[in-house]
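Working notes, structure below.
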Amino acid sequence: MNALEVSDIGRVFPVRGGLFARPKLLRAVEDASFALPRGGTFGLVGESGSGKSTLAKIILGADEPTRGDVRFGERVFGKQSRDADRRWRQRAVQAVLQDPFGSLDPQMNIGDIVLEPLRIQKSGFAREAFQKRLDELLAQVGLPAEFKRRRPGELSGGQRQRVAIARALVLEPEILVLDEPVSALDVSIQAQVLNLLKDLQDALGLSYLLISHDLAVIAFMSSHIGVLYLGRFMEQGTREDIVERAAHPYTHALIAASEPDAPDVRTIGGEIPSPLAPPAGCVFHARCPAARDICKSVAPPMQRLTATHRVTCHFPLTSKA
Ligand SMILES: Nc1ncnc2c1ncn2[C@@H]1O[C@H](COP(=O)(O)OP(=O)(O)O)[C@@H](O)[C@H]1O
Ligand code: SF4
Ligand SMILES: [Mg+2]
């Protein structure tokens, strides 16, 4: 059973070139489809600008797709959606972002920050019930109870991210969308926060959509992985399909780039093309060491290598299997 299914999502942004120029179309996400199994973690990995946050916003309901639909079990969000489903999503799908405190009132204390979503939904709750829930949440995320009287500015980055997780959990969600949740933290703190997320997932039966530009983070956490490049899925599969049997040249380049100690470090050469003028053929061809002539003119179709493993490439590398 899937917690989330995304089908053929496209998101096009009209972008103004200049005062008299016609708006151009920026295809931030094209034909994106994937499934997040209940209780699992789908890891979305890709360089900056590959469309990860755009997909996250669409799944959270903070943005609308140009086409395609998002479904959570029986609940479908496409061209139209039901009010009751939208209310369900506001509670059941919550987000943890890279820097949730950037825009928050530094005068609010941690207790009020964590409880705010619950106060909006259940204004009739008794004061004691709110305090009980707050203490329970702070314990769950590993923060001392007295932190509820502190302000965001008094906390470290890792502690602030624990507060953000507690706030995301206050309405008892089913799915968390984690968009670069540890990217702003020191590496040693990253592991602590990722381990906390794993423990919470087991204890609460949560499903995660995890977004990161760092394949090491994605590989550590995910049951399933999708590799995005210029808004398109290059490859998708189980963790093992991607980490042990990578078939797409871009995935190989990401793996090489995430292994700083490897003797044969190949960083990905070249720049990411502008999404306003994506290359013809395969969008990765200018940077691909395996590119041949056909790649410059013909976009590769998505191929199924196995029941779980899909790749979008004319010449997938399957020799490592
Ligand atoms: N509201 C918007 N208007 C125009 N372009 C946007 C908007 N949001 C995102 N984009 C563009 O869409 C592409 C994907 O962005 P984003 O989803 O933020 O990527 P990522 O999270 O992978 O870094 C980028 O080229 C970005 O500039
Ligand atoms: S289709 Fe061609 S250019 Fe694109 S990833 Fe495959 S081999 Fe490289
Ligand atoms: Mg982003």
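Below is a table of values for the structure above.
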{"item": "The stretch 13-34, residues that are at pLDDT below 95 and aromatic (Phe, Trp, Tyr)", "result": "Phe20"}
{"item": "Selected residue [at pLDDT below 90, part of a helix (DSSP H, G or I) and either within 16 Å of ligand 1 (Cβ to nearest atom) or in the same structural domain as Lys148 (by TED's automatic domain parsing) (or both)] from Ile120, Ile113", "result": "Ile120"}
{"item": "Members of the stretch 278-306 found to be assigned to a helix (DSSP H, G or I) and surrounded by 12 or more Cβ atoms within 10 Å (Cβ to Cβ), listed by number", "result": "His285, Ala286, Arg287, Ile294, Cys295, Lys296"}
{"item": "Residue match in the stretch 35-47 (condition: open to solvent by 40 Å² or more (accessible area, probe 1.4 Å), at pLDDT below 95 and either out of contact with any strand residue (DSSP E or B) (no Cβ under 8 Å at 6 or more places or on another chain) or among the hydroxyl-bearing types (Ser, Thr, Tyr) (or both))", "result": "no"}
{"item": "Among the residues listed as Leu60, Leu55, the single one being within 15 Å of the chain's Cα centre (by Cα), at pLDDT 95 or above and open to solvent by less than 30 Å² (accessible area, probe 1.4 Å)", "result": "Leu55"}
{"item": "Any hit, the stretch 169-191, residues being in contact with a Gly (Cβ under 6 Å, 6 or more places away or on another chain), more than 16 Å from ligand 1 (Cβ to nearest atom) and not in a helix (DSSP H, G or I)", "result": "yes"}
{"item": "Some residue of the stretch 210-217 being more than 16 Å from ligand 1 (Cβ to nearest atom), modelled with pLDDT of 95 or more, assigned to a helix (DSSP H, G or I) and open to solvent by less than 30 Å² (accessible area, probe 1.4 Å)", "result": "no"}
{"item": "Test: residue in the stretch 231-251 that is modelled with pLDDT of 90 or more, within 16 Å of ligand 3 (Cβ to nearest atom) and over 27 Å from Ser297 (Cα atoms)", "result": "no"}
{"item": "Strands (runs of 3 or more DSSP E) completely within the stretch 1-53 that count 1 or more residues being assigned by TED's automatic domain parsing to the domain that holds Phe72 and over 15 Å from Ile211 (Cα atoms)", "result": "2-15, 24-37"}
{"item": "Residue list for the stretch 210-240, filter: away from ligand 2 (no atom under 16 Å from the Cβ) and in contact with an Asp or Glu (Cβ under 8 Å, 6 or more places away or on another chain)", "result": "Ile211, Ser212, His213, Ile225"}
{"item": "Near pairs, Cβ below 8 angstrom, 6+ apart or cross-chain, from the stretch 116-129 (more than 21 Å from Ala164 (Cα to Cα)) to any residue that is at pLDDT 85 or above and not in a loop (DSSP other than H, G, I, E, B)", "result": "Phe125/Leu118; Phe125/Arg119"}
{"item": "Condition broken by Arg75, with the remaining ones in (1) at pLDDT 95 or above; (2) out of contact with any helix residue (DSSP H, G or I) (no Cβ under 6 Å at 6 or more places or on another chain); (3) among the basic types (Lys, Arg) satisfied", "result": "(2)"}
{"item": "Cross-chain or 6+ apart pairs with Cβ under 6 Å, the stretch 161-180 first and closer than 17 Å to Met221 by Cα and in the same structural domain as Gln192 (by TED's automatic domain parsing), then assigned to a helix (DSSP H, G or I) and open to solvent by 20 Å² or more (accessible area, probe 1.4 Å)", "result": "Val177/Leu60; Asp179/Ser53"}
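Yes/no matrix, rows are residues, columns are (1) closer than 19 Å to Ala277 by Cβ; (2) within 15 Å of ligand 1 (Cβ to nearest atom); (3) touching a residue at least 24 places away in the same chain (Cβ under 8 Å):
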residue: Arg11; (1), (2), (3): yes, yes, yes
residue: Gly40; (1), (2), (3): no, no, yes
residue: Gly49; (1), (2), (3): yes, yes, yes
residue: Lys52; (1), (2), (3): no, yes, yes
residue: Gly78; (1), (2), (3): no, no, no
residue: Ser81; (1), (2), (3): no, no, no
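The values are calculated or read from the model by the stated rules, or taken from the named source; none is laboratory data. Just so you know, these numbers come straight off a predicted model, no measurement behind them. Reconstructed Cβ throughout: ideal geometry from the backbone, glycine too, with neighbour counts over all protein chains shown. Note: accessible area is taken over every heavy atom of the protein model, side chains too, but ligands, DNA and RNA are not part of it. Shrake-Rupley method; radii C 1.70, N 1.55, O 1.52, S 1.80 Å.
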